[in-house]
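Take a look at the structure set out below.
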Amino acid sequence: MEFAYSERCEALRAKLLKFMDEHIYPNERRYKEEVDRNGREKGNRWIPTEIVEELKPIARAAGLWNLFLPQSHRAPEGLSNLDYAPLCEIMGRIPWVPEVFNCSAPDTGNMETIERYGSEEHKTRWLEPLLRGEIRSAFAMTEPEVASSDATNIGTRIERQGDDYVINGRKWWISGAGDPRCKIYIVMGKTDPDAPRHSQQSMILVPGDAKGLTVIRPLSVFGYDDAPHGHCEMIFDNVRVPASSILLGEGRGFEIAQGRLGPGRIHHCMRAIGTAERALELMCKRLDSRVAFGRRISEQGVWRERIAESRIMIDSARLLVLKAAYMMDTVGNKVAKSEIAMIKVLAPNVAQQVIDWAIQAHGGGGVSDDFPLAALWAHNRTLRLADGPDEVHRNAIAKLELAKHVSLPGESMDLPVTRS
């Protein structure tokens, strides 16, 4: 198994690290201040920040744009999963940074979905402006009234009426719905409740300005609203779209989800490793700058133990992510389903532990906004729910392992289709 990065990847990695040093880290405080100022002075925290918009053309000119999308003539700069991994990891060191490079969720997953499963009309109307960074998008799957960890529970109805589909339902935790640039939603719902269990669901494209589509409220995560991106609750009330808006056809929602969620999950894990690396770096610097009980805290045994454990856990998680990426590139997502499920459990949990130790190392400062750790902790904690809770992925891993040794009649071995 070969995990060596290509020469192009190594060159892009060096360029991205330089970009982070020159343009990102010096502007961390400015980003936060802009969001707060928009809310305070303009009464609207959902206005896109100037700093991100300023940095996008610089990133694009540097060739650091659309790196996530492999094998698309519309995005020739796209890398393999293995080559994208170290770059995605670097972007993951700060939550808002992937947007600078047009590599942020949920846009990446939505672009990949439209590229794989959309018609030429869909690609011209929606994919191309997304690839240019002119608009943003959202993925509407999770619902407040059902356990969405089992996607067959999704109750939103997508009903055919002549040349249209009419959509009715309530969704929440729809990331990006608060952004005024969100112009297209990919919506999952039921087209045929009487069909076999995994043929009831479909996915359909809904324009952001469709009549009957209402964003009710932003949802906070441990008190953070994640403006200007945000996560929202919304209602689809007799939303009518042309029948041509359906992706692939009725009853193929699970098929699309299987293709969409694999890359989305591995991107989450790549970014989580970057988050963990940042937390470890901040922890080491803080411990070496503080003296307690007559010596530097970095010299005390308990903290050296935690530093060592952090390095072991991060490198172990990275190797498993690289194995999953290598397999996705070489044998496909379906064969790599166990590895994808394993990293989705491992990487966020590793990051959460390292961030927690880093917070502890910073004392009271760690839970304040003077350092990025509290926000990183809150953001990372959602990953144990987003794209499937730990419990669902562990169940899938166990079934795959049991299938090697015992018979499991009637058990599906597909990746779990779940958002939260």
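Readers should treat all values here as calculations from the given coordinates under stated rules, not as data from a laboratory. Everything numeric here is computed off the predicted structure, so don't read it as measured data. Virtual Cβ from ideal backbone geometry, glycine too; neighbours counted across all protein chains shown.
Using r as the Cβ-Cβ distance of Lys285 and Glu7, and R0 as 25 Å, what FRET efficiency do you calculate, to the nearest 0.05? Working shown, then result.
On the way: r = 32 Å, r/R0 = 1.29.
Computed FRET efficiency for Lys285 and Glu7: 0.20.
Provide the FRET efficiency to the nearest 0.05 for the Arg116-Glu41 pair, computing r from the beta carbons and using R0 = 41 Å.
On the way: r = 42 Å, r/R0 = 1.03.
My answer for the efficiency is 0.45.
Enumerate the calculated ³J(HN,Hα) couplings along region 381-390 in order (Karplus 6.51 cos²θ - 1.76 cosθ + 1.60, θ = phi - 60°), each rounded to whole Hz, writing x wherever the residue is Gly or Pro.
Each residue of region 381-390 in turn: 4, 5, 5, 7, 10, 4, 6, x, x, 3 Hz.
What are the ³J(HN,Hα) values, in whole Hz, obtained from phi via the Karplus relation 6.51 cos²θ - 1.76 cosθ + 1.60 with θ = phi - 60°, for each residue of region 39-52 in sequence order, with x given for Gly and Pro?
x, 6, 8, 10, x, 8, 6, 9, 6, x, 6, 5, 5, 5
Using Cα atoms only, what is the angle between the long axis of helix 253-289 and the major principal axis of the chain, expressed in degrees (0 to 90) to the nearest 10?
10 degrees
Quick one: compute the contact order of region 298-368, relative version, from alpha carbon pairs under 8 angstrom and 6+ residues apart, as a percent. It would help to have the intermediate numbers written out before the result.
Numbers: 33 pairs, mean separation 20.7, N = 71.
In percent, rounded to a whole number, it is 29.
For region 254-403, what relative contact order do you get, as a whole percent, if you take Cα pairs closer than 8 Å and at least 6 residues apart? Working shown, then result.
On the way: 153 pairs, mean separation 44.7, N = 150.
Once divided by the residue count of region 254-403, the mean separation gives 30 percent.
Label His405 and Asn238 with points 7 Å out from Cα along Cα→Cβ: what is the distance between them in nm?
5.8 nm
Output ³J(HN,Hα) for region 182-199: one whole-Hz value per residue in order, computed from phi by the Karplus curve 6.51 cos²θ - 1.76 cosθ + 1.60 with θ = phi - 60°, and x for Gly and Pro.
Result, ordered by residue: 6, 10, 8, 10, 9, 10, 9, x, 8, 9, 8, x, 9, 6, x, 3, 9, 10 Hz.
Once the Cα atoms of helix 337-362 and of the chain are each reduced to a long axis, what angle between those two axes, in degrees from 0 to 90 to the nearest 10, is obtained?
Here the helix axis deviates by roughly 40 degrees.
Relative to the present Cα-Cα distance, how much length would full extension add between Leu319 and Val146 at 0.36 nm per residue of separation?
Between Leu319 and Val146, full extension yields 58.7 nm more.
Considering Cα pairs under 8 angstrom that are at least six residues apart, work out the relative contact order of the chain and quote it in whole percent.
Working: 726 pairs, mean separation 63.6, N = 420.
Contact order relative to length: 15 percent.
Out of residues 5 or more away from Ile216 or on other chains, whose amide H comes under 5 Å of its own, with H placed 1.01 Å from N in the peptide plane?
Amide H neighbours of Ile216, under 5 Å, 5+ apart: Glu233, Met234, Ile235.
If I stretch the segment between Glu305 and Leu248 completely, what's the gain in nm (0.36 nm per residue apart, minus their alpha carbon distance), one decimal? Let's see the in-between values first.
Working: separation 57, 0.36 × 57 = 20.52 nm, distance 5.24 nm.
Length difference between fully extended and current span is 15.3 nm.
Sort out for me the Cα centre separation of region 124-175 from region 242-262, rounded to whole Å.
With region 124-175 and region 242-262 each reduced to a Cα centre, they are spaced 11 Å.
Just to be sure I understand: of the beta bridges DSSP finds with both ends in region 88-215, what percent are antiparallel, rounded to 5? Numbers along the way, then the final one.
Working: 12 of 18 bridges.
Here the share of antiparallel DSSP bridges comes out near 65 percent.
Can you tell me the Rg and the Dmax, both Å, for the Cα atoms in the chain?
Reported Rg and Dmax, both Å: 21.6, 79.
Within the set of other residues whose C-beta is less than 14 Å from the C-beta of Leu79, count the net charge using Lys and Arg as +1 and Asp and Glu as -1. Walk me through the numbers before you get to the answer.
Values: positive: Arg8, Arg13, Lys15; negative: Glu7, Glu10, Glu77, Asp83, Glu89, Glu112, Asp329.
Counting the neighbours of Leu79, the net charge comes to -4.
Using a simple spin-label model with points 7 Å from Cα along the Cα→Cβ vector, what separation in nm is obtained for Gln360 and Lys18?
Label-label distance for Gln360 and Lys18, simple model: 4.0 nm.
For a quick check: with amide H placed at 1.01 Å from N, whose amide H comes under 5 Å from Ala177's, ignoring anything fewer than 5 positions away on the same chain?
Here the answer is Cys232, since their amide H atoms fall under 5 Å of that of Ala177.
With respect to the cross-link table entries Lys15/Lys323; Lys32/Lys183; Lys56/Lys123; Lys190/Lys334; Lys123/Lys344; Lys171/Lys323, which display a Cα-Cα separation exceeding 32 Å?
Numbers: Lys15/Lys323 24 Å; Lys32/Lys183 25 Å; Lys56/Lys123 22 Å; Lys190/Lys334 24 Å; Lys123/Lys344 29 Å; Lys171/Lys323 34 Å.
Beyond 32 Å: Lys171/Lys323.
Calculate the FRET efficiency for Tyr224 and Asn395 from the Cβ-Cβ distance with a Förster distance of 35 Å, rounded to the nearest 0.05.
0.75
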